[in-house]
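Read through the structure below, which is laid out as C-alpha cells, and then see the notes.
Please treat every number below as a calculation from the coordinates, not as lab data. Keep in mind that this is a model prediction, so the values were computed, not measured. All Cβ positions, glycine included, derive from the backbone under ideal geometry; neighbour counts span all protein chains shown.
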Amino acid sequence: MKKILSYIIPIILLGLVSCQKHDIDLIFGEPNQRIEDTLNIRNKALLASPYGWKTIFSPKGGGTYLFYMQFQADNRVLMVSDLNSNTTVPDTSSYVLRATGQPSLIFDTYNYLHILSHPYNPISGGTGGQGRQSDYEFYFKSVSADSIVLIGVKNQNVMILKKATEEEADFYKNGGISKTISEATSALNRARLYVDENGSQVSVDLSFALKTFSLTRTDANNNEVISSSAFTFAADGLDLVSPLLYNNTPFSKVYWDSTNKQFYLMINGAKVPVIAVAPPPLHTLLDQPEYKYLAVDPPTMPQYGKFNDLLQADIQATTDAGRTYNHFYFNFQPGLSNGANVVFGVTTASSSYWIEYNYYKMEYVDEDVGIVRFTFIGNNGSIPATLRYSKTLRAYFESHTFKIDYSDEPSPTGKIMGGMTCVEEPDVSFYGRFEAVWSNW
C-alpha cells in the first residue's frame with residue numbers, strides 16, 4: 001500500500017502544478033503573447049502622433065541637438081536634425097521594437113542619430129573613440145498622451161519625445177532649418193548685433209556653426225561679462241538650452257521674423273528687437289591696423305575662373321625657376337615716401353625665401369563704392385628672372401580697375417575675408433584674408 005501511495009502522490013502534485021500554470025496563463029495570457037501585445041501597444045503609441053515627434057537630445061558626451069521623427073506603419077522612421085547642414089534634409093531609416101529585458105525601441109539601420117555614436121571623432125565630434133557617448137537603442141520608461149520617455153540601453157541617455165504640431169512638422173520636413181540659417185545669414189552678414197537694455201547696447205553674438213547665442217555686457221570695472229546658451233532650431237526661431245537674462249527677466253527663446261528678417265525677444269509681452277548694424281564699406285577700413293595686409297595663400301584659398309588661370313601662370317613660372325610659390329599679398333599701409341601707397345608682394349622659396357615688393361599708387365576711381373586703379377611706381381630691385389614670379393598678375397592689375405569689397409568665402413576663426421572684383425570683367429575676382437602683422441602665411 002505504501003508503495004502505491006509513493007507513486008500516486010507525486011502524480012497528484014504534478015497535476016496540481018500543471019493546473020496552476022495553466023490557470024495563470026488563462027488569467028494573464030501566454031508570456032510570448034503578452035510581450036508581443038506590449039510591443040504592439042508601444043508601436044501604436046509611436047504611430048499615434050499625426051505630425052510626428054520632436055526631442056531635444058543631450059548625450060553624455062556633450063552637445064544638444066534637435067531631432068524630429070515621424071514613425072511609419074512599415075517600420076520606417078523619417079528623421080531631421082540640426083546636428084549639421086546635411087542632417088536638416090529629411091531621411092528615412094528603419095526601426096524595430098524588441099523585448100531586450102524590457103520593451104525597447106531600436107534604430108537598427110544607420111540614421112542621423114547614429115552620427116553621435118560614431119567612434120571616428122571628426123564625424124561624431126566626440127573624444128577617445130567613444131563618439132558623444134550617445135544611444136540608438138532605448139527602452140520605454142513611460143508613455144503618455146503627449147510624450148514618450150526613453151532611456152538609452154548603453155549610456156542611459158534620456159530622450160523625451162513630444163508630439164509635434166502641424167506647423168512644426170511642416171517646418172522640419174520642408175527645409176525650415178536651412179531656410180532660417182540662409183535667411184538670417186544673408187540678412188545679418190557681417191553685421192554687428194545688439195539689444196538695447198536701458199539705453200545700453202548689449203552685444204549679441206549668434207553662431208549657427210556652434211549653435212550658440214551670447215550676450216556681452218560691461219560691468220562697473222569695465223570688464224566684459226559674457227552669458228551664453230546653446231540653442232536648437234524651432235519653427236518660430238531658436239530654443240535656448242539654458243535661459244538668459246534681459247533686464248533681470250529670463251527668456252528661453254529667440255524669435256525669428258521671416259518677413260522682416262530680424263531676430264527678437266519677447267519680454268513680459270513686449271518685443272525687444274535684435275538690432276543689426278551693417279559694417280562700414282571695406283575700402284574705408286584699409287587704414288585700420290587689422291586691415292593692413294590682404295593675404296592670399298593659393299593652397300588653402302583656391303581661386304576661381306580666369307583669375308585662377310592668371311595666378312597659375314605665375315605659379316608655373318615660379319616652378320620652372322626651381323622655386324615654390326607661397327603666396328601673394330597687398331600691404332595697404334607700407335609707409336613709403338616714393339609716391340606709392342600700396343605694396344603688391346609675392347613670396348617664393350627654395351633653399352631661402354624671396355620676397356618681392358612691387359610699389360603701386362592706388363587711386364580711387366569711385367571712392368563712394370570703393371573702385372580703385374593701380375599705377376606701378378617701382379620694386380625692390382627684382383631682376384627679370386624674379387619678376388616672372390608675378391608678371392601675369394601685375395600686368396592684369398595695372399591694366400584694369402577693381403572694386404574692393406568683403407568676401408563670403410569661408411574664413412579662419414576671427415579673420416575678415418575680402419577681395420577685389422574687376423570692373424571691366426566682373427567675372428574675374430580674387431579673395432583673401434586680412435592680417436594685422438606680416439608673416440610667411
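Over the chain, the Kirkwood radius and the radius of gyration, each from Cα atoms, give a ratio Rg/Rh of 1.20. Can you give me the C-alpha center-to-center distance between region 47-96 and region 304-330, rounded to a whole angstrom? Centre-to-centre (Cα) distance: 48 Å. Distance between Cα centroids, region 127-184 to region 334-378: provide it in whole Å. A separation of 55 Å, based on Cα centres. Projecting the Cα atoms of Gly101, Ala278, Leu206 onto the dipole axis of the chain, where Lys and Arg carry +1 and Asp and Glu carry -1 at the beta carbon, places Gly101 farthest toward the positive end.
Using 0.36 nm per residue and subtracting the Cα-Cα separation, the extra length available between Ser200 and Ile123 on full extension is 23.6 nm. Backbone amide hydrogens, once placed in the peptide plane, bring Asn84 within less than 5 Å of nothing, excluding anything fewer than 5 places away on its chain. Full extension of the chain between Lys141 and Thr92 yields a length gain of 15.2 nm, computed as 0.36 nm times the residue separation minus the alpha carbon distance. Legend: ranking of residues Lys154, Lys163 from fewest to most surrounding C-beta atoms inside 10 Å; resulting order Lys154, Lys163.
Using the Cβ-Cβ distance between Ser178 and Tyr364 with R0 = 35 Å, the FRET efficiency computed as 1/(1 + (r/R0)^6) comes to roughly 0.30. Here is the link list: Lys271/Lys415; Lys44/Lys141; Lys44/Lys211; Lys60/Lys163. Which ones come out longer than 26 Å on Cα distance? Those over the limit are Lys271/Lys415; Lys44/Lys211. Modelled this way, with points 7 Å down the Cα-to-C-beta line, the labels at Thr165 and Asp108 are 3.6 nm from one another. Each label point was placed 7 Å from the Cα along the Cα-to-Cβ direction; for Glu424 and Ala270 their separation is 5.8 nm.
Sequence-ordered 3J(HN,Hα) estimates for region 208-222 from the Karplus curve with 6.51, -1.76 and 1.60 and θ = phi - 60° stand at 6, 5, 8, 6, 10, 10, 10, 10, 10, 10, 10, 7, 4, 9, 6 Hz, glycine and proline given as x.
If you place +1 on the Cβ of every Lys and Arg, -1 on the Cβ of every Asp and Glu, and leave all else neutral, what size is the dipole of the chain about its Cα centre, to the nearest 20 Debye?
Around 1660 debye, computed over the chain.
On a C-alpha basis, how far is the centre of region 217-249 from the centre of region 379-411 in Å? Whole number, if you could? So the separation of the two Cα centres works out to 45 Å. Using r as the Cβ-Cβ distance of Arg190 and Glu30, and R0 as 51 Å, what FRET efficiency do you calculate, to the nearest 0.05? It comes to 0.15. Segment Asn221..Gln156, full-extension length gain: 18.9 nm, with 0.36 nm per residue of separation and the alpha-carbon distance subtracted.
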